[in-house]
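Here the structure comes first, spelled out in structure tokens, and everything after it is commentary.
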2 protein chains.
Amino acid sequence: MAANIQFSKAVSNATRFVRIRKDFQLFRGGVLPEIDIAYECWGQLSPRRDNAVLIFTGLSPSAHAASSLEDATPGWWEYMVGPGKALDTGKFFVICVNSLGSCFGSTGPASVNPATGQPYRLAFPDLTVEDIASAGRQVYRSLGISRLHTVLGPSMGGMSALVLAVMFPEEVTRLVSISAAAQSSPFGIAIRSLQREIIRNDPKWNNGDYRFDDPPTDGIRMGRKLGLITYRSAAEYAQRFGRKRKFGGHADRAPFGPEFEIEHYLEHNAEKVLGHFDTNCYLYLSRAIDWFDLSAHGGSYEDALGRIKTVDNLVIGVRTDFLFPISQQQEIADALRQHGKSVRFQVLESIQGHDSFLIDQDRFAPIIRDFMSGN
Amino acid sequence: MAANIQFSKAVSNATRFVRIRKDFQLFRGGVLPEIDIAYECWGQLSPRRDNAVLIFTGLSPSAHAASSLEDATPGWWEYMVGPGKALDTGKFFVICVNSLGSCFGSTGPASVNPATGQPYRLAFPDLTVEDIASAGRQVYRSLGISRLHTVLGPSMGGMSALVLAVMFPEEVTRLVSISAAAQSSPFGIAIRSLQREIIRNDPKWNNGDYRFDDPPTDGIRMGRKLGLITYRSAAEYAQRFGRKRKFGGHADRAPFGPEFEIEHYLEHNAEKVLGHFDTNCYLYLSRAIDWFDLSAHGGSYEDALGRIKTVDNLVIGVRTDFLFPISQQQEIADALRQHGKSVRFQVLESIQGHDSFLIDQDRFAPIIRDFMSGN
């Protein structure tokens, strides 16, 4: 059975699968009768199985964090993962999972529901970050790993890493949280809720029953633009584009069409995502982020973080990130310290906002390298 | 001739008009064969005509800044304007103009084009902040005022005040710029461009030819939500709403409908604006803000600000404003100082973001009062 047929391009010879053919319980009460979890891995698992590093991704990437012999195309964190790199695959066995609910090999709303033979679409049960973490756990356990050297992730991936360490404290030795949050803020909820509304408002969305070959592109394009605006920073846009204008191009003649370079940039980048992500999967993952609140695992998010049993923790935030601001990173670091945990808290001056971890390798790589080498 | 029939509610017994029945030249080359400029005023013009204070508004308000005998309903800056208030109408003759291009009595895209007998819609010529300033100038000149005691305004109104003082330096004695900018940033352009795209994408917009009794409400609602998100701050939303949920209400049963209080707040406030502003007027004014760049009046915005001949200047910014950030207020203050001008630069810790001037009277009123009393 080929799940997610229309996004199979994201699955390569490097993609591996854990296939669970029994009920998978979800955090909010739903059940999936079977799941696939797609992942990739790099490096060698040590005989003692104590060098495994698990990466959870942000909302949109696949498990292809880095290139390999099986798939030479650059991954979304190419600078970070590889021989001699910060996540040194000469030393660590690095795993990256495609999130449950996504559409790059793992089971999600675009996957076929075995009960009906049709894609789940909105019949997919409520999805949470807890479920993404639990599904990731199935991967390392299937490989005979009972305890991770390190779990890490940026953005939604940081949330997944945090909640894995909270729910399964005996299985996580070190934790790296990048531009994440202990609970989603109402500002972030407002942005994501509006992105979802823009998509849902597109008549082609059709209450989730869109044609896979004719998805709600207007809604996706505008929702993506709002994403791009909030994933980067005013400082970066000022530096890259200023008030430069760019004439020519397809949309100019429309009244109020793009005129400034920043508008063309948004248009170009929004067009690029069309056809590369399933819309219902996006809606489910976006809402999972809104729902994320570690206080579900304790009286407060601080209590929940007190359950973590890691020996060392690294919390990274970026000053120009206004979607997951420094104050939220500080909350995570403070709560861990309050419980006597060892915490390295790094505030970076990268100008790329929330997306800095994808781009600013000169700041991110040395910090991760340092933490991973135990310095 | 009754212009802007559908928004006549915004015109009351307090509304006055300057009616110019000859060509009005616009900054980008267009011509309006006639214009009306709606305004309100409070207090008495002194015999020497030297106590006139002109207020320019942000994008959406009418000229009704404060209540009066003729119109007792509270105005948009009620706390600021009145007897004994910061803009003391016992001392000053205060004028507030409805911007050219708006729909509350002043000529704009919803007004009837005398050449056709039909509303201008997209046949309205290119509109700039310079035109808003020039139209405001017609008001005080029609009242026999050759020099203003003070010109002030928040947001787009601050831009209007700045460019009036640059274009007509002999006519402005004091200047107050609140949460404005010397040139629109690419970040702000990105937000406004997306708001306009969301509106234009609504099929009911119909390239500007919508029915006035059936406007593009979906686009307006979602564009307004993006406005609300960017006019306030993450800190305010965290304080007011946190992660509180609110069930019940019309939209709950829709898949992915509102759940958190912040979502209901956005929904409620977006619904409130429907029917209260003309869509084409909004598009013209929004683009006028994007186009705003004082460097059109000099080699750079700094040079342009050097043309100002005021005796004192007040520049106010709000720390939580990420749409017109403190850095942009600092730019205005620095440029004025660089030219040897007297500048008071106030950074406020209000949590209401860009909209703070509307709400945070405890911080704003004393600063304006102090400046106006010459202390």
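Structure summary
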quantity: Among residues of the range B:220-262, those that are modelled with pLDDT of 95 or more, out of contact with any Lys or Arg (no Cβ under 7 Å at 6 or more places or on another chain) and of a type in the set (Asp, Glu), counted; calculated: 1
quantity: Index of the failed condition, B:ARG240 passing every other in (1) among the basic types (Lys, Arg); (2) at the interface with another protein chain (Cβ under 7 Å from one of its Cβ atoms); (3) surrounded by fewer than 17 Cβ atoms within 10 Å (Cβ to Cβ); calculated: (2)
quantity: Matching option when the condition is outside the structural domain of A:VAL273 (by TED's automatic domain parsing) and modelled with pLDDT under 95, among A:LYS9, A:LYS22; calculated: A:LYS9
quantity: The range A:343-375 - residue that is touching a Lys or Arg at 6+ places or on another chain (Cβ under 8 Å) and among the acidic types (Asp, Glu) and, of those, farthest from A:GLY75 (Cα to Cα); calculated: A:GLU349
quantity: All positions within the range A:329-375 that are hydrophobic (A, V, I, L, M, F, W, C), more than 23 Å from A:LEU54 (Cβ to Cβ) and in contact with an Asp or Glu (Cβ under 6 Å, 6 or more places away or on another chain); calculated: A:ILE351
quantity: Residue list for the range B:288-316, filter: outside any helix (DSSP H, G or I), crowded, with 24+ Cβ neighbours inside 10 Å and within 14 Å of another protein chain (Cβ to nearest Cβ); calculated: B:PHE292
quantity: Qualifying residue in the range B:203-219 (condition: at the interface with chain A (Cβ under 9 Å from one of its Cβ atoms), surrounded by 22 or more Cβ atoms within 10 Å (Cβ to Cβ) and at pLDDT 95 or above); calculated: yes
quantity: Failed item in (1) modelled with pLDDT of 95 or more; (2) away from every other protein chain (no Cβ under 11 Å), with B:LEU323 passing the rest; calculated: (2)
quantity: Residue within the range B:39-49 that is of a type in the set (S, T, N, Q), over 29 Å from B:GLN361 (Cβ atoms), in contact (Cβ under 8 Å) with a residue 24 or more places away in the chain and more than 14 Å from every other protein chain (Cβ to nearest Cβ) present; calculated: no
quantity: Qualifying residue in the range B:319-328 (condition: part of a helix (DSSP H, G or I) and out of contact with any strand residue (DSSP E or B) (no Cβ under 6 Å at 6 or more places or on another chain)); calculated: yes
quantity: Those residues of the range A:117-129 which are surrounded by 24 or more Cβ atoms within 10 Å (Cβ to Cβ) and in a helix (DSSP H, G or I), in sequence order; calculated: A:VAL129
quantity: Residue within the range B:271-283 that is away from chain A (no Cβ under 13 Å), within 23 Å of A:ALA190 (Cβ to Cβ) and free of Cβ contacts under 8 Å to residues at least 24 places away in the same chain present; calculated: yes
quantity: Yes/no for B:THR73 being over 24 Å from B:PHE292 (Cα atoms) and either at pLDDT 95 or above or in a loop (DSSP other than H, G, I, E, B) (or both); calculated: yes
quantity: Single unsatisfied condition, A:PRO258 versus (1) over 19 Å from the mean Cα position of the chain (by Cα); (2) more than 9 Å from every other protein chain (Cβ to nearest Cβ); (3) surrounded by 14 or more Cβ atoms within 10 Å (Cβ to Cβ); calculated: (2)
quantity: Residue satisfying condition, being closer than 28 Å to B:ASP290 by Cβ, assigned to a strand (DSSP E or B) and not hydroxyl-bearing (Ser, Thr, Tyr), within set B:VAL139, B:VAL163, B:VAL94, B:VAL151; calculated: B:VAL151
quantity: Flag if B:ALA52 is in the same structural domain as B:THR150 (by TED's automatic domain parsing) and in contact with an Asp or Glu (Cβ under 8 Å, 6 or more places away or on another chain); calculated: no
quantity: Qualifying residue in the range B:185-195 (condition: within 11 Å of another protein chain (Cβ to nearest Cβ), farther than 30 Å from B:ALA333 by Cα and either among the polar types (S, T, N, Q) or free of Cβ contacts under 8 Å to residues at least 40 places away in the same chain (or both)); calculated: no
quantity: Subset of the range A:36-53 (residues that are surrounded by 24 or more Cβ atoms within 10 Å (Cβ to Cβ) and touching a His at 6+ places or on another chain (Cβ under 9 Å)); calculated: A:GLU40, A:ALA52, A:VAL53
quantity: Residues (within 13 Å of B:LEU314 (Cβ to Cβ) and of a type in the set (S, T, N, Q)) located in the range B:159-182; calculated: B:THR173, B:SER177, B:SER179
quantity: Cβ pairs under 9 Å, 6+ apart, first in the range B:351-367 and part of a loop (DSSP other than H, G, I, E, B), second among the charged types (D, E, K, R) and surrounded by 24 or more Cβ atoms within 10 Å (Cβ to Cβ); calculated: B:ILE351/B:ARG232; B:GLN352/B:ARG232; B:GLN352/B:ASP321
quantity: Residue pairs meeting the criteria (Cβ under 8 Å; at least 6 apart or on separate chains; first assigned by TED's automatic domain parsing to the domain that holds A:CYS41, in the range A:59-74; second of a type in the set (D, E, K, R) and surrounded by fewer than 24 Cβ atoms within 10 Å (Cβ to Cβ)); calculated: A:HIS64/A:ASP71; A:ALA65/A:GLU78; A:ALA66/A:GLU78; A:SER67/A:GLU78
quantity: Unique match (being touching a Ser or Thr at 6+ places or on another chain (Cβ under 8 Å) and assigned by TED's automatic domain parsing to the domain that holds A:LEU194) among A:ALA238, A:ALA270; calculated: A:ALA238
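The values are calculated or read from the model by the stated rules, or taken from the named source; none is laboratory data. Since this is a predicted model, take the numbers as computed values, not measurements. So basically every Cβ, Gly included, is an ideal-geometry build from the backbone, and we count neighbours across all protein chains shown.
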